[in-house]
Every structure is written in C-alpha cells, then in structure tokens.
C-alpha cells in the first residue's frame, strides 16, 4: 500500500516536472477545483448505481486530486503531503477518544456529541462565523440542510413535522402571489423560500433532500428514455408524436418501473 501511494506521488511529481506535462505544470492550488467537484459527482453516480468497478475508478480519481493538490501546495511552499496526512491522522485519533483513549460511549449519538464538542474546542480560539464548516460552495440543497442542522444545535428549529408542513403551505401561497404579481425577483425569492422549507420537512422526516432529488432526476431520465425507446421501435421520433402520446408512454414507463 505504501509503495503504491509513493508511486502515485512520484508520477504526479513527474507530471509537474520540466520534463512532464505542460497542462499539469500550469495548474496551481486553486485552478482545478471544478475538476475536483466533477470527480466527486461522478463518484456519487457510481455509488448510486452500485457499480463497483466504476466506484473503484472514481475513488482513484478523488485520491489523485487530493495528492495533486498536495504536490502543488508543496511546489508553492505552502504545506507538504506529510503535513496533510499527519493532520488527518491526528484529527481522527483526537476526535475518537472512545477508540484511541479511555472515554466510553453508549452508541452513535454519544459519538456525534463528543465529535462536535471536540471540534468546537479545537476552533474556540479562532475568529469564526457561526456557520463555519458549512461551505458556501456546497450544492444549495445540501447547504440548506447543513445550515438548518447547525442552528438546530442552539435550539433554533421547528417543533415538529406538522409545523414544517404548515410553513411549506405558507411559502407556496406567497409564491403564488408573487407569480400573479409577475415580479421575477419576487418569484425567485419565494421559490427559494419554498425549497428551504421543503428541506426542513425532509430533515424532520430523515430524508436526504439531495438524494431525493438525485433519484427523481434518475427516474425522469429513465422514463423519458423509455419513451424514446418505444418510439424507435415503431420507427418514430419525438417530433412524430403528440404530447398526449408521449404522456401515455410516460405513464406506461411508470407502470413498468413500479412492477420491477
């Protein structure tokens, strides 16, 4: 394992060398963050599909990016790969005193409480926002959920699911008013409020909103491709049929899906 990791480091350093790849040499610590995000989403797709070979490949891409960023940081005299590994090793040991120390826990809930307590202690001397640790670059649904969980810890939360549902209905009513008014900025504002309120509902129901929407997208793609397949079997395209016929095939796709 160590030799394999060392070889990866050597390959990346070679790519960054004067004899290496021009593209790799041109990158810096901040230039390829979008590539990293793409790889992370590709890993999510592989996990959703339970595609083991693809999961293995995408994990490799993620590891590559972690090492590539570390090598670039070394080149810029910011920190080293060893600094990165030492920091995560120490953090894992420090935040698991029930494993590496003498503390005892009674299940996952205690582990999470201790983790948050230790994390807060680590950062108490830093000037920081209350929402530190909730990256602005998170996908919006994920960030909304994280923001809500953050304020819940200090008691700023709804009492129950029914209250959350009432808020959704209230926000939808305000959204309808904004649509009737026709003000685009107001419509956008109220639509955002509906989405935020729905994230609250999903949180109380212990449903991951990001995962729910991802699966909805997957169903949409599957059903629409079913329409295309059925049309192709008849030598037709989407342009050859009415909306009503496509809707009939859509419902047929749902029936097939439900019977699988």
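The values are calculated or read from the model by the stated rules, or taken from the named source; none is laboratory data. On a predicted model such as this, the values are computed, not experimentally measured, just so you know. With ideal geometry, Cβ positions are generated from the backbone for all residues, glycine too; neighbour counts draw on all protein chains shown.
Structural remarks
- Summed over segment 121-148, residues that are at pLDDT 85 or above and assigned to a helix (DSSP H, G or I) total 9.
- When residues in segment 208-260 are screened for being under 30 Å from residue 146 (Cα atoms) and surrounded by fewer than 12 Cβ atoms within 10 Å (Cβ to Cβ), 4 of them pass.
- Checked against the criterion of being within 26 Å of the chain's Cα centre (by Cα) and at pLDDT below 95, the candidates 201, 256, 154 yield just one match: 154.
Condition check ((1) in a helix (DSSP H, G or I); (2) over 29 Å from residue 250 (Cβ atoms); (3) assigned by TED's automatic domain parsing to the domain that holds residue 145) across all residues:
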residue: 159; (1), (2), (3): no, yes, yes
residue: 163; (1), (2), (3): yes, yes, yes
residue: 173; (1), (2), (3): yes, yes, yes
residue: 176; (1), (2), (3): yes, no, yes
residue: 180; (1), (2), (3): yes, yes, yes
residue: 191; (1), (2), (3): yes, no, yes
residue: 218; (1), (2), (3): yes, no, no
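- Tally of residues being under 27 Å from residue 82 (Cα atoms) and either at pLDDT 95 or above or outside the structural domain of residue 16 (by TED's automatic domain parsing) (or both) across segment 28-71: 17
- Every pair of residues 6+ apart whose Cβ atoms lie under 7 Å, when the first sits in segment 180-207 and is over 25 Å from residue 151 (Cβ atoms) while the second is modelled with pLDDT of 95 or more and surrounded by 18 or more Cβ atoms within 10 Å (Cβ to Cβ): 186/178; 187/178
- Residue count for segment 120-148, restricted to those that are farther than 30 Å from residue 195 by Cα and in contact with a helix residue (DSSP H, G or I) (Cβ under 9 Å, 6 or more places away or on another chain): 1.
- Residue in segment 68-75 that is under 21 Å from the mean Cα position of the chain (by Cα) and under 30 Å from residue 4 (Cα atoms) present: yes
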